[in-house]
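Written out below as structure tokens is the structure these notes cover.
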Amino acid sequence: MKKITTVDTSRLSNLETVQLVKEHLLDVANLEITDAPTQKFITDLTAQSAEFEAYIENERNSEFSKAIREYDMEREKGLSAFGRALKVHALSANAAEQAAYNRLNSVWNIHKKLVKANDKQQTSGIDNLTADLDNDAARESLNTLFMGGILQRINQANNAYKTELAKRNDEQAERIFYESKRLRSQLLNTYKLYGSYIQSMTNLYSDSELFDKIFSLLNVTRKKFADLAKRRKKSSPEETGEG
């Protein structure tokens, strides 16, 4: 019995969820599909993925989102600059610089993964990094390596990010959250029903070239996104779900 590949869709972003569906729709676009239920699923998935994608794009292009992305990029650049500047002094022949490097590097090793962390982890993580460097010894080391300005850059961007985020009132945040959740749930529910239908028909009509082709194309895309979700699972344990 053939089975479709399981995809842990809870580990896919909203945009990746849309891509999961759209890539399959593109794969089957040139097939001559005569089965009415399959046609209906394709029509529904096309409309729902387009609606969800448009919502994501509109939200990304809002003035609020633009400002948030700018501050987020600035703090990420600052974190990268901090790590690179510190690395320059790793082989310093100057005893004071070497001591400063060792002191700062022991702190940076705890926080260096912030560069690739998600937005929420970055926000709190930068606060923790700042707290760990808020002492006389660390400040002296920062001054020795002329890195105080980089830390200030990171903090300014992080504080601006938090300030901008706070501007979004609770009502707006709740509306955006639930509308996004509704559209995502609607798309994934249809996609799940579609997958179950294709699996059933492929096994029921094992001599059907059409269903066998659709099934194969469906699994190629699902395998791609299943692998993406598994890689993400190793670094960010969360509640899981299947699609």
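Report, in listed order, any pair from K2/K40; K77/K223; K87/K167 with a Cα-Cα distance greater than 28 Å.
Where the Cα-Cα span goes over 28 Å, the pairs concerned are K77/K223; K87/K167.
Write down the accessible area per residue of the range 1-109 in Å², having rolled a 1.4 Å probe over the full set of protein chains. Kindly include the intermediate steps, with their values, before the conclusion.
Numbers: 6080 Å² over 109 residues.
Accessible surface, normalised per residue, equals 56 Å².
Roll a 1.4 angstrom probe over the protein heavy atoms and tell me the percent of accessible area of the range 45-107 that is carbon or sulfur.
Details: 1880 of 3540 Å².
Carbon-and-sulfur percentage of accessible area, whole number: 53.
Taking Cα atoms, how many degrees apart are the long axis of helix 148-167 and the longest axis of the chain, rounded to 10 and kept between 0 and 90?
The helix 148-167 is inclined about 40 degrees to the chain.
Expressed in nm to one decimal, what extension gain is obtained for the pair N159 and M73 from 0.36 nm per residue of sequence separation less their Cα-Cα distance?
This chain segment gains 29.7 nm when fully extended.
The values are calculated or read from the model by the stated rules, or taken from the named source; none is laboratory data. These numbers were taken from a predicted model, which means no experiment stands behind them. Surface areas here come from the heavy atoms of the whole protein model, side chains and all, with no ligands, DNA or RNA. Shrake-Rupley method; radii C 1.70, N 1.55, O 1.52, S 1.80 Å.
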